[in-house]
Structure formats: structure tokens, C-alpha cells
Amino acid sequence: MSLAAIIFDIDGTLAETEELHRASFNLAFTDAGLPWHWDQQLYGRLLEVTGGKERLRHFIDSLPSNPLGAHPAAAIASLHAAKTTHYAGLVEHGALPLRPGFAALIEDARRAGIRLAIATTTSLPNVEALLRANFNERATTLFEVIAAGDSVTRKKPAPDIYLSVLAQMQLSACDCLAVEDSCNGLLSALAAGIATLVVRSNYTREQQFPGAALVVDDLEQARQRLDTGNLLTALQALHRRA
Ligand code: XBP
Ligand code: MG
């Protein structure tokens, strides 16, 4: 069967976003007068927990004392909302380009009639800010389905977000290819039965990716490894092989 749809992860895949997420968390902590600062080393470990609110809860549970009180859920939600506001501002006012090759791949796929979707753990406003910053007014029309954040209960590595995309698009897993950057993302797509290209990102360079159709450091490497003229034919070849 030919490739019917490409399903993109966001953070670390479409763009190297996690440094802006980390900065946004730290700005929210400062706003709230909390003595926390997530440096790159700590954040790299915390990224093992997907979802910003879940990551906050995991961090707080690891502290010797919890300054947010016995029932921190409301305080976590408020902190995370502040963080999301900071993130949108940083994306809209800073330069957060897509990773090399992704814009061209998206355009080529569109022209070839291949359907596009997003399956991400990040919050929907974060996706919208990134797409607006890179595609302007076309941002809302490029992707047929955007499945994000709390639209599912169980986040990656659970398959729910990918299963949601397949259901909304009425596609079978075998018709699709997922593009991910992390082990959690790969596990999620594989659990949904979707062959997956892994493009390692700055925070996932050292991870293992068992079961990936191909693991590369950038899309150009994928084109070279599959020995095709352009990225789209490379992904179509990878899908046929998978
Ligand atoms: C990455 C995540 C997200 C982001 C932060 O999602 O796990 O939690 O790190 O965004 P993906 P939020 O790689 O699936 O795009 O704070 O909005 O969760
Ligand atoms: Mg990711």
C-alpha cells in the first residue's frame, strides 16, 4: 500500500523547542516566587516524563518538601498555564525555525496529495504558536488533524494520541508513517502500529530506538541513507520497506 499520511511529532521533531519550554518553565517559577531552576541536565532527565503538568508533578514529588501543599493539582495547572503563556511569547517573538528539511517535506507532501497530521504531547496553544510563526496564515490548513496534549488521557509512550489521529482520519496504521525524535514518541507510534522514522534531537541524542524503521540525526541523512532524489520519495521508500 502507498503512503497515505505522514504524522509528525512536534517537540524535538518539527523544531528544537525544548530549550524554550525549559526557559518558559523557569520564567513561570520566577513569577510564582518559587526557588526552582531547571538546568539542561535536570531538564534532560525530567523529559522522560511527557506532558508539562505531569513533568511538574513528577518534579514536585521528588522534592523533600512540597511548597504547593497537600493538593498541588490546582497550583500545577496554574503554573503550567503561566508557562504556556511564556512559551507562546517566546515562540512568537524569537526565532524558532523548523528543523532543516521539514518545511520542504511538508510542502512536497501536500503537493503530492499525502495527508498530514500532528500527534504531540505538548499543549495545543504551543502547536498553534509554532505553526503560526513558521507558516503564517496557512498554519491552520496544512495539517488535517492536530492531536495534542490533554486531548487524550494517557500521553506518550501510550499509543492514544496516535490512535486518535488514525480514528479522526479514518486511516489504518499501515497506511501511515510517523516522524518522531524521542523513545517515548517512538514507543507511542509503534504501539499504535505505525512505522516510524526517528530524527534524533538535542535532548534525545543518547536514547535507544528499538523498532524504528530508520534512525537519523537529520532529514538529509534520511534522504542519503535511502538514496532518493528528495525527502518525500525517501519517506515513501521507507514506508514501503517497513
Ligand atoms: C514533548 C512533551 C511536552 C513538552 C512541553 O511533546 O513531552 O510535554 O516537553 O509541552 P512531543 P507542555 O515531543 O510529543 O511534542 O508543557 O505543553 O506539555
Ligand atoms: Mg518529541
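The values are calculated or read from the model by the stated rules, or taken from the named source; none is laboratory data. Every value quoted in this text rests on a predicted model; they were computed, and no experiment measured them. Note that we place each Cβ from the backbone using ideal geometry, even for glycine, and neighbour counts take in every protein chain shown. In case anyone asks, the SASA skips ligands and DNA or RNA and just uses the protein heavy atoms, side chains included. Shrake-Rupley method; radii C 1.70, N 1.55, O 1.52, S 1.80 Å.
The residues of the stretch 7-55 that are of a type in the set (Val, Ile, Thr), touching a His at 6+ places or on another chain (Cβ under 9 Å) and within 16 Å of ligand 2 (Cβ to nearest atom) amount to a single one, Val49. Close Cβ contacts (under 9 Å, 6 or more residues apart or on different chains) running from residues in the stretch 165-187 that are open to solvent by 30 Å² or more (accessible area, probe 1.4 Å) to residues that are aromatic (Phe, Trp, Tyr) comprise Cys183/Phe209.
Confirm whether Ile76 is modelled with pLDDT of 95 or more, within 15 Å of ligand 1 (Cβ to nearest atom) and under 28 Å from Ala139 (Cβ atoms).
Details: modelled with pLDDT of 95 or more: yes; within 15 Å of ligand 1 (Cβ to nearest atom): yes; under 28 Å from Ala139 (Cβ atoms): no.
No: the conditions fail for Ile76.
Entry remark, the stretch 99-134: residues being free of Cβ contacts under 8 Å to residues at least 24 places away in the same chain and buried (at least 17 other Cβ atoms within 10 Å of the Cβ) number 1 in total.
Of the residues examined, Asn184 is one that is within 14 Å of ligand 1 (Cβ to nearest atom), touching a Pro at 6+ places or on another chain (Cβ under 7 Å) and either more than 30 Å from Thr85 (Cα to Cα) or not charged (D, E, K, R) (or both). For Leu46, are the conditions met, namely being near ligand 1 (Cβ under 10 Å from one of its atoms) and either within 15 Å of the chain's Cα centre (by Cα) or among the aliphatic types (A, V, I, L, M) (or both)? Yes: the conditions hold for Leu46. Scan the stretch 12-39 for residues that are within 20 Å of Arg99 (Cα to Cα) and open to solvent by 20 Å² or more (accessible area, probe 1.4 Å) and the total you get is 6. From the list Thr228, Thr153, exactly one residue is at pLDDT below 95, of a type outside the set (Asp, Glu) and closer than 19 Å to Ala112 by Cβ. Which is it? Being at pLDDT below 95, of a type outside the set (Asp, Glu) and closer than 19 Å to Ala112 by Cβ holds for just one of Thr228, Thr153, which is Thr228.
Test Leu96 against the criterion of being at pLDDT below 95 and either open to solvent by less than 20 Å² (accessible area, probe 1.4 Å) or under 21 Å from the mean Cα position of the chain (by Cα) (or both), and give yes or no.
Spelling it out, Leu96 is indeed at pLDDT below 95 and either open to solvent by less than 20 Å² (accessible area, probe 1.4 Å) or under 21 Å from the mean Cα position of the chain (by Cα) (or both).
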